[in-house]
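Below is one structure; the comments refer to it alone.
The values are calculated or read from the model by the stated rules, or taken from the named source; none is laboratory data. All values derive from a computational prediction rather than experimental measurement. Glycine also receives a Cβ, built like all others from the backbone with ideal geometry; neighbour counts cover every protein chain displayed.
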């Protein structure tokens, strides 16, 4: 079977390794309507950036979930743009009334946290890197950014499973789901408190946000947005850290190269983002009948910017399937989106990754994968990332 005849959204082999599908998309052309859900897949950067920038013809209202969102059908004589405006509140759109201009970063906290977590496992020799570092680190950074009091940080971390981070512990991994089960009651209480007595953190700003007509949103709506910000900030950056550590475990010569030239680490992070984009794609709704690179796209159709494929666009990146920490245009990747919908947490994620790899390289040595053949990726057509990363190492300092 031609790989493009398989279901990009559900096929387990494609979810585990989408690279052959990406290559086939590039061979097929920049736009292809996939046969299972009718989504128009865009696989090259130029076409994606054109769609991202065209707000007249494309809406981001289906951005996060694409074909999983049920978009209301137009009434007779009504345009798709009118449907969206009239029934916007019925469609899941996380940031419809909260769009901060920038995220404050606390590099001192991030640096201290990185070393504190490394202190906890540096003498173990074998760990699941996901459980001992990637997940707790990104969880506590985003918690601190949102304004979760530091005295509550250990409570948040406890939801991850605590000492289950040890390799071979049957409780490792799935305990992370407990975090999100506890977010709703925690954020509900905190936001209600902040509405009574506001602070200067992000949750306070969320709590006081209002609709354009001045109405105060329901607490449940604010909680939903806070949870989405929390999940997005924790999940995708954790997958980025896992991708980078896998590369370091597989390429010991690169470890020495980065140690001798630490100024290369930010570009290493960009190459991780390019080759293993934590988000596979982003969706847009066509508001009018249109054409993209000669392919007719009817109004009401969903397009998907296949970010994982675009970041391997052979017209932009030489030898696109090869990891090159010195790639001169690695930052041309679109892992964080573009323009108006550029990820608000991009700068934070880059700082987290840079500091993490600076400290990990300084303090760990002899990094190796314990069982490369057993590695698996999260079963999702949105998120790309390893489930866990069992590794061995020795303490460097």
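Condition test on residue 234, is it out of contact with any strand residue (DSSP E or B) (no Cβ under 9 Å at 6 or more places or on another chain) and at pLDDT below 95?
Criteria met by residue 234.
Report yes if residue 46 is assigned to a helix (DSSP H, G or I), in contact (Cβ under 8 Å) with a residue 40 or more places away in the chain, out of contact with any strand residue (DSSP E or B) (no Cβ under 7 Å at 6 or more places or on another chain) and farther than 24 Å from residue 376 by Cα, otherwise no.
It is true that residue 46 is assigned to a helix (DSSP H, G or I), in contact (Cβ under 8 Å) with a residue 40 or more places away in the chain, out of contact with any strand residue (DSSP E or B) (no Cβ under 7 Å at 6 or more places or on another chain) and farther than 24 Å from residue 376 by Cα.
If you go through the range 355-382, how many residues are part of a helix (DSSP H, G or I) and at pLDDT below 95?
Residues flagged as part of a helix (DSSP H, G or I) and at pLDDT below 95 within the range 355-382 amount to 3.
Any residue in the range 265-290 that is at positive phi and surrounded by fewer than 24 Cβ atoms within 10 Å (Cβ to Cβ) sitting within a Cβ distance under 8 Å of a residue that is at pLDDT 95 or above and part of a loop (DSSP other than H, G, I, E, B)? List the pairs, counting only those 6 or more apart or interchain.
Close Cβ pairs (under 8 Å, with a partner that is at pLDDT 95 or above and part of a loop (DSSP other than H, G, I, E, B)) do not exist here.
Which fully enclosed strands (runs of 3 or more DSSP E) of the range 278-351 have 2 or more residues being under 13 Å from residue 52 (Cβ atoms)?
Strands (runs of 3 or more DSSP E) meeting the threshold: 281-286, 302-306.
Among the residues of the range 26-43 satisfying the criterion of being out of contact with any strand residue (DSSP E or B) (no Cβ under 6 Å at 6 or more places or on another chain) and either buried (at least 20 other Cβ atoms within 10 Å of the Cβ) or touching a residue at least 24 places away in the same chain (Cβ under 8 Å) (or both), which is nearest to residue 299 (Cα to Cα)?
38
Out of everything in the range 291-314 that is within 13 Å of residue 58 (Cβ to Cβ) and surrounded by 24 or more Cβ atoms within 10 Å (Cβ to Cβ), what residue ends up being farthest from the chain's Cα centre (by Cα)?
Result: 303.
Kindly establish whether residue 238 is under 23 Å from the mean Cα position of the chain (by Cα), part of a helix (DSSP H, G or I) and surrounded by fewer than 13 Cβ atoms within 10 Å (Cβ to Cβ).
Taking the combined requirement at face value, the residue does not satisfy it.
If residue 164 passes every condition in (1) modelled with pLDDT of 50 or more; (2) part of a helix (DSSP H, G or I) but one, which one does it miss?
So the condition that residue 164 fails would be (1).
Determine which member of the set 264, 248 is out of contact with any strand residue (DSSP E or B) (no Cβ under 7 Å at 6 or more places or on another chain), at pLDDT 95 or above and assigned to a helix (DSSP H, G or I).
Result of the check over 264, 248: 264.
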